[in-house]
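Every number here is computed from the coordinates shown, using simple stated rules; none is lab data. All values derive from a computational prediction rather than experimental measurement.
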Amino acid sequence: MLKKFASDALGLSDIGKVIEPQDYDKTESDDYVLHEKGEKIYFLIKTKADEYCFTNYALIHVDGDSAVSKKRTLRRYDYKFNTIRNVSLETAGTIDLDVEIKFTIGETPLSLDINKNYAEKIRDLYKSLITIERIMRDNEKNRNYALDSLEYATRSLATTGHGQTSPADSFKSIVEFTNAWLQENSKTNNTEDFGNIFDLFIKN
């Protein structure tokens, strides 16, 4: 009992562990994975109160109020709508018991402490997240380039007039083209499934 109190006082009771694939189905996170849509768990960290489940589509956070409460809040961060940035890894020193991986997803900063026995696995997660961050940055840059190009084309068209086409027909054509173009650009420069990245780095 004294050992447990000391552990809680030092904040060590909430150091996470990495869950092995054969035990994914024993976690709460697994109940909320969209298996029916091809969603797959690639990495899962569990602490006393929380679970952080990385799938090919999203980060699923099962947020517990405390280690002794059964109350949980489920938060889902789809990569399609939540950019990952500021990924960093703090390795364990000689006397440290944990490693720490930090990142921001959407507007939510997260800092996860994991037992240093899992340091090698956390390095694999770090490689995955840093690669996803770079892809997301490239996607954002390409989207901005595309929007700049569209704006330039729209201004150019406005200066050339409508020719033989009525203003109403010309406006309709522009709107239809712009809508289709933006949808196609969104598909090209907004990655939804990062399974290939996790496959590359995660060694399960």
- Item | D_trans [Stokes-Einstein, Kirkwood Rh over alpha-carbon pairs] for segment 33-140, 20 °C, 1.002 mPa s, µm² s⁻¹ | 146
- According to the Kirkwood expression over distinct Cα-Cα pairs, how big is the hydrodynamic radius of segment 33-92, in Å? 12.9
